[in-house]
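K.L.:
Please read through the structure below; I'll follow up with questions.
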Amino acid sequence: MKVLAPTELTAIPLHTEFLAGGTDLGERLRNGSLPGAVADISALPGLREIDIAASSTAVGALVTIEQVGAHPEIRHRHPALAAVCRTLATPQIRTQATMGGIMCQRTRCWYFRHHAFSCFKSGGDGCPARQGNNLYGVAIDLGPCVYPHPSSVGVALLAYGGTIDTDRRDGVTPETFFGDGSDPTRDHHLEPGELLTRVRIPYPGEDEDSAYVRLMSRTWAEWPLVECVVRLQVRNGRIRLARVAVGGVANIPLRLSAVEKHLEGSPASAETFEAASRLADQQATVLPGAQDKRAMIRGTVLETLETARK
Ligand SMILES: Cc1cc2nc3c(=O)[nH]c(=O)nc-3n(C[C@H](O)[C@H](O)[C@H](O)COP(=O)(O)OP(=O)(O)OC[C@H]3O[C@@H](n4cnc5c(N)ncnc54)[C@H](O)[C@@H]3O)c2cc1C
């Protein structure tokens, strides 16, 4: 396999992937699920900055997840994003993994990652997980691919209304970046050779409660079964703005609009949170291997709402 140096990046072959921290790419290289060329972007200049401005925070594509989680201003301004970055994977992975890599990582589906199988995402024409082993699969079935999207930071970016800049366009919303889940060949909607350069997170102001909760099958070194980011703005006891985004549930990071709608305008009370969380699995069309996730979604959303208001 040819690895292109940063100086060769002007002529990138189609289907080239970028080596950032290498924590995902390296594994795919080892298990034979990396078909194209690789361009080493790890030494590209200008992608390691965190810029704090009055209205937003910009994080360069090569900033590590550990740096995001530890940054005092990010912890202060976007606490749920910082919490995501402090708790995912392992300390070793967080030190190596980058903002660009975590947004663009490929699905963790074992069929995709095993060279003996083919699926929509590896150039085939089916989803073996749909009929096969779909333990940990989606609970909200949005399209032909039934494995949950892997990006925890994607969930946070969705809840914060962040945007993505690339070398070709600025201000891409997470909804555009991740799509609606109907295209099973994609984990993100960058074009071939398009480089994510930074993400921007609007500063929501001081007056906000937020939380991140991840439900896991073991305490660390695992992707969550269900994860949730909540942001609440409360005035005079009533919820003015609610953002509730979940991961581990669908093939894209997903906002739960029915839950948000119920919360907005209601009193910020235990009863409201209970009633809203009962709507969290409203869209659920659960696969046989993911039956337990229905209760997990409700429970995780409820716990995240309660944690945000503590
Ligand atoms: C045990 C374990 C647990 C984990 N748990 C979680 C978890 O809970 N939540 C979670 O979100 N992740 C989790 N991860 C995944 C981890 O976060 C990713 O492996 C990592 O973020 C990838 O970043 P990287 O910089 O190493 O990317 P790389 O491995 O270098 O690249 C990954 C992909 O992103 C593309 N890419 C990288 N940078 C760019 C860019 N700037 N522009 C365009 N494309 C780019 C590459 O082409 C490649 O396809 C876990 C990993 C492990 C091993």
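K.L.:
Pull up all non-local amide H partners of S266: gap of 5 or more, or a different chain, and H-to-H distance under 5 Å with H placed in the peptide plane.
P.N.:
For S266, whose amide H was placed from the backbone, the distant partners under 5 Å are I239.
K.L.:
Once label points are set 7 Å from the Cα along Cα→Cβ at both D180 and D207, what is their separation, rounded to one decimal in nm?
P.N.:
A separation of 3.6 nm, rounded to one decimal place.
K.L.:
Let me ask another. What percentages, rounded to whole numbers, describe P(r) for the chain computed over all alpha carbon pairs with 20 Å bin width beginning at zero?
P.N.:
Calculated over all Cα pairs of the chain, the distribution is 34, 58, 8, 0 percent.
K.L.:
When the accessible area of the chain is computed with all protein chains present and a 1.4 Å probe, what percentage of it is carbon and sulfur?
P.N.:
Percent of accessible area from carbon and sulfur atoms in the chain: 52.
K.L.:
Give the accessible surface of segment 23-106 per residue, rounded to a whole number of Å², with probe radius 1.4 Å and ligands, DNA and RNA excluded.
P.N.:
The answer is 41 Å² per residue.
K.L.:
Between R75 and A116, how high is the FRET efficiency from 1/(1 + (r/R0)^6) when r is the Cβ-Cβ distance and R₀ = 30 Å? Nearest 0.05.
P.N.:
According to the calculation, E is roughly 0.10.
K.L.:
To continue, here is another question. Suppose R0 equals 30 Å. What FRET efficiency, 1/(1 + (r/R0)^6) with r the Cβ-Cβ distance, do N236 and E274 give to the nearest 0.05?
P.N.:
Rounded to the nearest 0.05, the efficiency is 0.90.
K.L.:
Evaluate the charge dipole of the chain about its Cα centre and quote only its size in Debye, nearest 20, assuming +1 on the Cβ of each Lys and Arg and -1 on the Cβ of each Asp and Glu.
P.N.:
Here the size comes out at about 500 debye.
K.L.:
Label points 7 Å out from Cα along the Cβ direction at E306 and R108: separation in nm?
P.N.:
A separation of 2.5 nm, rounded to one decimal place.
K.L.:
Then there is this: Whats the longest run of the chain with zero GluC sites (Glu not before Pro) that are DSSP loop and have at most 14 other Cβ atoms within 10 Å?
P.N.:
50-205
K.L.:
Could you give the length gained on full extension between R30 and R294, defined as 0.36 nm per residue of separation minus the Cα-Cα distance, in nm?
P.N.:
91.6 nm
K.L.:
Using the Cα centre as the reference, give the magnitude of the dipole from point charges on the C-beta atoms of segment 166-310 (Lys, Arg: +1; Asp, Glu: -1; all else neutral), rounded to the nearest 20 debye.
P.N.:
Roughly 260 debye for segment 166-310.
The values are calculated or read from the model by the stated rules, or taken from the named source; none is laboratory data. Being a predicted model, the structure only gives us computed values, none of them experimental. Neighbour counts run over all protein chains shown; Cβ positions are idealised from the backbone, glycine included. For the accessible areas, the whole protein counts, side chains as well, though only heavy atoms, and no ligand, DNA or RNA atoms are used. Shrake-Rupley method; radii C 1.70, N 1.55, O 1.52, S 1.80 Å.
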